[in-house]
């Protein structure tokens with residue numbers, strides 16, 4: 001965050017309204033944000049700009065319990081750049097369904113990387129929802 005404020009730990013109550021401005025976020029050099037498990041969780045990202053460079057954001061459901069309804073939730077006020085072999089992925093390897101990927105950004109640049117939802121078992125992959133505010 002680029003200003004002081006409070007962020008609750010419970011994702012269902014995630015709110016950054018107390019911040020006057022959000023800062024840029026950079027995931028580089030094989031950084032990993034991972035909310036995987038039996039009944040996978042949610043990765044939540046809020047910022048001004050997001051760079052994912054040679055890194056991964058994943059939410060994998062690996063058991064019988066469904067993952068969180070939203071596995072990856074990204075909202076940035078500016079641009080999102082995913083580059084250099086990076087991956088943003090919500091997957092299931094078990095009977096549980098994977099969570100959605102929600103991306104709400106000003107503009108998205110996807111360079112030599114992927115945004116993916118997959119299923120490798122009886123569970124279902126969910127959807128990727130996009131919203132772009134600039135061209």
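We did not get these values from a lab; they are worked out from the coordinates using the rules stated. In this text, all values refer to a predicted model and were calculated from it rather than measured experimentally. As a convention, Cβ positions derive from the backbone with ideal geometry for all residues, glycine included, and neighbour counts pool all protein chains shown.
Highest mean packing first, where packing is the average number of other Cβ atoms within 10 Å per residue, the peptides 82-88, 94-100 line up as 94-100, 82-88.
Overall size of segment 34-132 from C-alpha positions, given as principal axis extents largest first: 37, 22, 18 Å.
If each residue of separation counts as 0.36 nm, what is the full-extension length gain between residue 38 and residue 118 once their alpha-carbon separation is subtracted?
Numbers: separation 80, 0.36 × 80 = 28.80 nm, distance 1.60 nm.
Between residue 38 and residue 118, full extension yields an extra 27.2 nm.
Ordered by the number of other Cβ atoms lying within 10 Å of each residue's own Cβ, fewest first, 21, 46 fall into the sequence 21, 46. Placing dummy labels 7 Å off each Cα toward the beta-carbon, the span from residue 54 to residue 129 is 3.5 nm. Ranked by the mean number of other Cβ atoms within 10 Å of their residues, highest first, the peptides 50-61, 118-129 come out as 50-61, 118-129. Sketch the reach of a paramagnetic label on residue 95 as a point 7 Å from Cα along Cα-to-Cβ, and name the residues of segment 41-69 whose backbone nitrogen lies under 11 Å away. Those under the cut-off are 63-66.
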